[in-house]
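Asker: Before we start, here is the structure in question, set down as structure tokens.
Readers should treat all values here as calculations from the given coordinates under stated rules, not as data from a laboratory. These figures come from a predicted structure and were not determined experimentally. Please note: Cβ atoms are built from the backbone with ideal geometry, for glycine as well, and neighbour counts cover all protein chains shown.
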Amino acid sequence: MVDLWPLSGPEWVFVLLGVVAVASGLFAVTTRNLVHAALSLVVTLGAVAGCFLLLTAEFVAWVQVLIYVGAVVVLLVFGLMLTRAPIGESPDADSESRWPPLVVAVSAGAAVIVLLLDAFGRATVDLNAAEIGTAEVAGAAVFRTWVLPFEVLSVLLLAALVGAIALSKSGGEE
């Protein structure tokens, strides 16, 4: 007999959250309304936090909610409000050259999928391990294994913030 429902309940929720994250992420980058893009980014990041919760990584999930949903998106919305960016639909927020970025995005996504499948294959996660998702394990991973990428990302975010401030200041002083 063929099992028509090979996935369990939590796996279906994980798939649903993944679909929501991808759909709202696509909406965030294709909409012409900047406020709608910021709000759909909130939905994307919330769905990713839900995926972390399903993977029993509670600490990472709540960091996702507090830092990204709480701080980064609020900073983005305040930046929109303070830089006199258009609130409604803006034809300037759209570019006619869509094919090169689409090819790059699909290629990057395919490369990530191929690399993940090659690296992990059919590996499974032992959900009975008590230390998965704890602050101790996450801290050890961030500050031992991933300290260099963590610092590179922080410098990249700082450069993006400085660039955004420079762009917003140069346009209003003419």
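Asker: R98 to V29: extension gain in nm, 0.36 nm per residue of separation minus the Cα-Cα distance? Each step should come with its number before you reach the end.
Answerer: On the way: separation 69, 0.36 × 69 = 24.84 nm, distance 1.13 nm.
This chain segment gains 23.7 nm when fully extended.
Asker: Hey, fewest Cβ within 10 Å first, where do R144, R32 land in order?
Answerer: Details: R144 8, R32 14.
In increasing order of surrounding Cβ atoms, one gets R144, R32.
Asker: Moving on. Need one number: nm distance between label points at T145 and W62, each 7 Å from Cα along Cα→Cβ, rounded to one decimal.
Answerer: 2.2
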